[in-house]
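What follows is a single structure, written as structure tokens, with notes after it.
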Amino acid sequence: MKLRHSLAMLVVLMACGAPDRPASAPPSASTTVAPRAAAQPGRELTDAERAAMLRALAAEQGAVRKVWFAVTPGDAEPNALKDAFASVFKQAGWETVTQPVTGMALKPGLSILIAEEEPPSYVNVAQQALQATSFQFKTGTGYRAYFEERKQADPKWPGIPLAPGQDFVVVVGPKAPPS
């Protein structure tokens, strides 16, 4: 359980670029790893990835089909990838919302921050659609409580807020530099 909490803290800190400080109840997390081609200049969705996302998104039959993206305005490469993801969601009939992130630098990579430990079905479907690609996503649950706790402990903590009724956010950070 401690490893799970430590991984969750890492997910949030990587997504938000926050300083490394312990918290008493960070969200739970998991990581889905899939290789990407190293030679790509930017991150792009292939036709096969788009089709896989559409198949996954078609599974949601509930009333709510909405996805939120957090990205730094003016950062071209992450915004292009966010736009590619958003276009697939829109094609599947989902509503998309972009949440601009200001006042902090997002860490490289992709994260899904989920408000509750047990999210509604549409959140799981959105997560499955994103994970149907070959991109690696870090996922953390219980983020709303974690965010509130961190803000109480340090009002200057630069986390990504979730609006009332917002069940998750897909954080699109910059592409990681070649290793």
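If the requirement is being assigned to a loop (DSSP other than H, G, I, E, B), surrounded by fewer than 20 Cβ atoms within 10 Å (Cβ to Cβ), under 15 Å from the mean Cα position of the chain (by Cα) and of a type in the set (S, T, N, Q), which of these qualifies: Gln128, Gln166?
It is Gln166.
Which one is nearest to the chain's Cα centre (by Cα) among residues in segment 148-162 that are touching a residue at least 40 places away in the same chain (Cβ under 8 Å) and more than 17 Å from Tyr122 (Cα to Cα)?
Ile160
Say whether the condition of being in contact (Cβ under 8 Å) with a residue 40 or more places away in the chain, among the polar types (S, T, N, Q), closer than 19 Å to Lys66 by Cβ and crowded, with 22+ Cβ neighbours inside 10 Å is met by at least one residue in segment 94-107.
Checked segment 94-107: no residue is in contact (Cβ under 8 Å) with a residue 40 or more places away in the chain, among the polar types (S, T, N, Q), closer than 19 Å to Lys66 by Cβ and crowded, with 22+ Cβ neighbours inside 10 Å.
Could you list all residues from segment 73-100 that are modelled with pLDDT of 95 or more and assigned to a loop (DSSP other than H, G, I, E, B)?
Within segment 73-100, Ala92, Gly93, Trp94 qualify.
Quick one: in segment 136-157, of everything that is assigned to a loop (DSSP other than H, G, I, E, B) and in contact with a helix residue (DSSP H, G or I) (Cβ under 8 Å, 6 or more places away or on another chain), which residue is nearest to Val64 (Cα to Cα)?
Result: Gly142.
Among the residues of segment 146-161, are any within 26 Å of Glu95 (Cα to Cα), in contact with a Phe, Trp or Tyr (Cβ under 8 Å, 6 or more places away or on another chain) and hydrophobic (A, V, I, L, M, F, W, C)?
Checked against the condition, which is being within 26 Å of Glu95 (Cα to Cα), in contact with a Phe, Trp or Tyr (Cβ under 8 Å, 6 or more places away or on another chain) and hydrophobic (A, V, I, L, M, F, W, C), segment 146-161 yields at least one hit.
The values are calculated or read from the model by the stated rules, or taken from the named source; none is laboratory data. Everything numeric in this text was worked out from a predicted model, so none of it was measured. Cβ sites come from the backbone with ideal geometry, for glycine too, and all protein chains shown count toward neighbours.
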